[in-house]
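Participant: One structure coming up, written as structure tokens, with questions to follow.
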Amino acid sequence: MRQCKRTTKLNAACHSSPVTDSIMKILLQHAAHARSGDKGNTSNISVIAYDPKHFPLLKQQVTAERVKAHFAGVVEGEVVRYELPNIAALNFVMDQTLGGGVTRSLALDAHGKSLSSALLDLEIVPPRDN
């Protein structure tokens, strides 16, 4: 993985993809933090930008479709995204995620608390410095 020479904090962990060497990507964790919760067989994850100026980047690249694809095999139902611009956050509600819920699931993390950490491994393309 080649490190790029950008100077902003968001771009500090930038790397090139092994498939397309010209496209620089970072992990979502460098632009945002996340919190998760659950109720029954539904899990929700909030993704909050470290800096509000990065919220448009999150809105553009962290879509319900990408979240569902990122959790393929885990999320069996619908993923709905809610935008919270006043706090530079996105909230994802994922149905049929917890194997029937805490009392029915045999999963090690039946509450889904680790899902927020897993989402922060999503790759995004940072803005180009001018």
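The values are calculated or read from the model by the stated rules, or taken from the named source; none is laboratory data. Model, not experiment: these values are computed from the prediction. Cβ coordinates were reconstructed from backbone atoms using ideal geometry, including for glycine residues, and neighbour counts include every protein chain displayed.
Participant: If you check V62 against the conditions, is it closer than 11 Å to L122 by Cβ and β-branched (V, I, T)?
Facilitator: Working: closer than 11 Å to L122 by Cβ: yes; β-branched (V, I, T): yes.
The answer is yes for V62.
Participant: Still on this structure, I have one more. Considering D129, D109, D38, which residue is modelled with pLDDT under 95, outside any loop (DSSP other than H, G, I, E, B) and charged (D, E, K, R)? Talk me through it step by step, then tell me what you get.
Facilitator: Details: D129 fails: outside any loop (DSSP other than H, G, I, E, B); D109 fails: outside any loop (DSSP other than H, G, I, E, B).
Within the list D129, D109, D38, the selection yields D38.
Participant: Search the range 26-52 for residues that are free of Cβ contacts under 8 Å to residues at least 60 places away in the same chain and pair each with any residue that is of a type in the set (V, I, T) when their beta-carbon atoms are under 7 Å apart and the residues are at least 6 apart or on different chains.
Facilitator: T42/V93; T42/T97; N44/V93; I48/I87
Participant: Also, I was wondering about something else. Being at pLDDT below 95 and not hydroxyl-bearing (S, T, Y) is true for just one of A49, A72. Which residue is that?
Facilitator: Only one candidate qualifies: A72.
Yes/no matrix, rows are residues, columns are (1) assigned to a loop (DSSP other than H, G, I, E, B); (2) in contact with a Leu (Cβ under 6 Å, 6 or more places away or on another chain); (3) modelled with pLDDT under 95; (4) loosely packed, with under 13 Cβ neighbours inside 10 Å:
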{"residue": "R6", "(1), (2), (3), (4)": "yes, no, yes, no"}
{"residue": "K9", "(1), (2), (3), (4)": "yes, no, yes, yes"}
{"residue": "V19", "(1), (2), (3), (4)": "yes, no, yes, yes"}
{"residue": "K59", "(1), (2), (3), (4)": "no, no, no, no"}
{"residue": "Q96", "(1), (2), (3), (4)": "yes, no, yes, no"}
{"residue": "G99", "(1), (2), (3), (4)": "yes, no, yes, no"}
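Participant: Another question, if that's okay. When the range 45-56 is examined, which residues are found to be assigned to a helix (DSSP H, G or I) and closer than 15 Å to A34 by Cβ? Break it down stepwise before answering.
Facilitator: If we filter the range 45-56 for residues that are assigned to a helix (DSSP H, G or I), which is where we start, we get 52-56.
H54, F55, listed by residue number.
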